[in-house]
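The values are calculated or read from the model by the stated rules, or taken from the named source; none is laboratory data. Since the structure is predicted, the reported quantities are computational estimates derived from the model, not experimental observations. Here the Cβ is made from the backbone with ideal geometry for all residues, glycine too, and neighbour counts use every protein chain on show. Surface areas here come from the heavy atoms of the whole protein model, side chains and all, with no ligands, DNA or RNA. Shrake-Rupley method; radii C 1.70, N 1.55, O 1.52, S 1.80 Å.
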Amino acid sequence: MPKSPYYAPTGGLPPQTQLLTDRAMFTTAYAVIPKGTMTDIVTSKLPFWNDTRAWVLARPLSGFAETFSQYIMEVSPGGDSARPETDPGAEGVIFMVGGGITLTIAGTVHRLAPGGYAYLPPECDWQMQNDGDDIARFHWVRKRYQYVSGIDKPVAFVSDEGAATTISMPGTDDKWQTTRFVDPDDMRHDMHVNIVTFQPGAVIPFAETHVMEHGLYVLEGKAVYRLNQDWVEVEAGDFMWLRAFCPQACYAGGPGPFRYLLYKDVNRHMPLG
């Protein structure tokens, strides 16, 4: 199988001689989870998943980011789940970063390779199996779906990065682009999981300050990212977790593209209590 362009952790443990100093940080406005922290001893097991482990990158925390959870799943050859989601109110997005899986949705079989994407609505009938020879790794973003009277819930679909719509931000000479798997005007969806790409030298030229929470997993490259009042160096494999209204900006210094998987909550009123 060709090498995936996306970074994914492989686990292991650092040697006893390694220095403790790292870039990991947790503040009241944001968290940075560097790739070096994703070792064997911080993985989790999940109910009804066989030969599988997960790195939990985000979970709802009162007073912090509250709308979503995000895992990196690692499924060994032969691993599977006949009952992957135990919360009927949860919706999910899967994005493949390594290996391949067979995803069955309501009896229809799909094959996902790196770059593959699936949206799974609440109460969705789905199963998963790694029937290949390589370890499969994918992001699984979960959110409690917010129903609205008069708006149907979304339907399940499978796509791929190459088939998704990529748009350029105005006035950027295609140096800042977003790959969207869901139409932003589709009010059925209350979350988006996109891919954002910056070419070397591209910037977010102002401190974005908004109500959406974010999970940003760096798929490729490196950059310096403004988080609240701090500029932080990040690279492929790092995860950034931003609460609502945390100011953010970015400078992609190169030498190659800087790309990340982005979660945000959208299209709903703010819960009042």
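So which residues in segment 141-167 are outside any strand (DSSP E or B) and among the charged types (D, E, K, R), if there are any at all? Give the steps one after another, and end with the answer.
Looking only at segment 141-167, we keep the residues that are outside any strand (DSSP E or B), and these are 145-147, 149-150, 152-156, 161-164.
Within segment 141-167, 152, 153, 161 meet the criteria.
Which of the following residues is in a loop (DSSP other than H, G, I, E, B) and open to solvent by less than 10 Å² (accessible area, probe 1.4 Å): 88, 114, 122?
Checking each option against the conditions leaves just 122.
Please work out if residue 109 is without any contact (Cβ under 8 Å) to a residue 40 or more places away in the chain and more than 19 Å from the chain's Cα centre (by Cα). I'd like the intermediate steps shown before the answer.
Values: without any contact (Cβ under 8 Å) to a residue 40 or more places away in the chain: yes; more than 19 Å from the chain's Cα centre (by Cα): yes.
Yes.
Can you confirm whether segment 138-150 contains a residue that is touching a residue at least 12 places away in the same chain (Cβ under 8 Å) and more than 19 Å from residue 190 (Cβ to Cβ)?
Just the residues of segment 138-150 that are touching a residue at least 12 places away in the same chain (Cβ under 8 Å), to begin with: 138-146, 148.
Retained after the next criterion (residues that are more than 19 Å from residue 190 (Cβ to Cβ)): 138.
Yes, the conditions are met somewhere in segment 138-150.
Quick check on my filter: what residues within segment 229-273 are outside any strand (DSSP E or B), within 18 Å of residue 7 (Cβ to Cβ) and open to solvent by 10 Å² or more (accessible area, probe 1.4 Å)?
Matches in segment 229-273: 236, 253, 255, 256, 257.
Does segment 64-84 contain any residue that is in a loop (DSSP other than H, G, I, E, B), open to solvent by 10 Å² or more (accessible area, probe 1.4 Å) and on the phi > 0 side of the Ramachandran plot?
No; the residues of segment 64-84 include none that is in a loop (DSSP other than H, G, I, E, B), open to solvent by 10 Å² or more (accessible area, probe 1.4 Å) and on the phi > 0 side of the Ramachandran plot.
Any idea which of (1) surrounded by fewer than 20 Cβ atoms within 10 Å (Cβ to Cβ); (2) among the aromatic types (Phe, Trp, Tyr); (3) within 20 Å of residue 83 (Cα to Cα) is the one residue 140 doesn't satisfy?
It fails just one condition, (1).
Scan segment 205-213 and give yes if some residue there is assigned to a loop (DSSP other than H, G, I, E, B) and aromatic (Phe, Trp, Tyr), otherwise no.
Of the residues in segment 205-213, the ones assigned to a loop (DSSP other than H, G, I, E, B) are 209-213.
Applying the additional criterion that residues be aromatic (Phe, Trp, Tyr) yields none.
No, segment 205-213 contains no residue that is assigned to a loop (DSSP other than H, G, I, E, B) and aromatic (Phe, Trp, Tyr).
Does residue 97 count as buried (at least 18 other Cβ atoms within 10 Å of the Cβ) and either at pLDDT below 95 or of a type in the set (Val, Ile, Thr) (or both)?
yes
Among all residue pairs at least 6 apart or on different chains, which show Cβ distances below 6 Å where the first residue, located in segment 220-239, is without any contact (Cβ under 8 Å) to a residue 24 or more places away in the chain and the second is open to solvent by less than 60 Å² (accessible area, probe 1.4 Å)?
Here the result reads 231/224, each pair linking segment 220-239 to a residue that is open to solvent by less than 60 Å² (accessible area, probe 1.4 Å).
So which residues in segment 1-40 are without any contact (Cβ under 8 Å) to a residue 60 or more places away in the chain and touching a strand residue (DSSP E or B) at 6+ places or on another chain (Cβ under 7 Å)?
24, the sole residue that qualifies.
Run down 3, 45 and say which single residue is exposed (fewer than 10 other Cβ atoms within 10 Å of the Cβ) and at pLDDT below 95.
Testing whether each residue is exposed (fewer than 10 other Cβ atoms within 10 Å of the Cβ) and at pLDDT below 95 leaves just 3.
So residue 53 ticks every box in (1) surrounded by 16 or more Cβ atoms within 10 Å (Cβ to Cβ); (2) assigned to a loop (DSSP other than H, G, I, E, B) but one. Which box is left unticked?
So the condition that residue 53 fails would be (2).
Got a number for residues in segment 146-169 being among the small types (Gly, Ala, Ser) and either in contact with a helix residue (DSSP H, G or I) (Cβ under 9 Å, 6 or more places away or on another chain) or surrounded by fewer than 14 Cβ atoms within 10 Å (Cβ to Cβ) (or both)?
The number of residues fulfilling the criteria is 5.
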